[in-house]
Amino acid sequence: MSAEKVHQIDDYQKKEETVEQDFAAGIGEKAQKDMGKVAVIISFMAIVLLVVFFYGLNQNLSNLTTEVKDLQGVRGQVETLNTQMATVDSRIVELEKLPLKTRHIIMDGMIEEMNQKAGYISQQLTPEEQAKLAQVQELLKNVQSGLQK
């Protein structure tokens, strides 16, 4: 037997250890490369999600701003309508009082006519009767001033 063909067990054990170490180191390096790829993919996905979230939030805020501006416009229109309704209400109250005012104007004219007739009659009466008629004219003037209020 030649010395070249004889192998010692130590050689195999050392060779197996180095192969195991090389294999383990290769697996570790591959795992690190794979984990690096996974980390890059996760980072990219996180960035995409952040961009989508930001875009959606930006759209919601711009829509909200538009709605707030519209609401302010509506608020101004409501205030204008309230002012117009107050004007209409005051006009309606005036219209409701119109028949009463008309009656007062007519009565005022009649009382004025009565005063003029009493004045004409008083010129043809005696002083005692003129004094009584003057009292009647004073009462008519009081009624007339009450109607004008």
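Filtered by the rule that a residue be in a loop (DSSP other than H, G, I, E, B) and surrounded by 10 or more Cβ atoms within 10 Å (Cβ to Cβ), region 121-149 gives a lone residue, Leu125. Would you tally the residues in region 108-124 being over 60 Å from the mean Cα position of the chain (by Cα), within 19 Å of Gln148 (Cβ to Cβ) and of a type outside the set (A, V, I, L, M, F, W, C)? Count: 3.
For region 113-120, the condition holds for at least one residue, the condition being that it is under 30 Å from Leu133 (Cβ atoms), part of a helix (DSSP H, G or I) and basic (Lys, Arg). When Met107 is tested against the conditions (1) of a type outside the set (Ser, Thr, Tyr); (2) loosely packed, with under 10 Cβ neighbours inside 10 Å; (3) in contact with a helix residue (DSSP H, G or I) (Cβ under 6 Å, 6 or more places away or on another chain), the lone failure is (2).
Just so you know, all these numbers are worked out from the coordinates, no wet-lab data involved. Remember, it's a predicted structure, so these values are computed and weren't measured experimentally. Neighbour counts run over all protein chains shown; Cβ positions are idealised from the backbone, glycine included.
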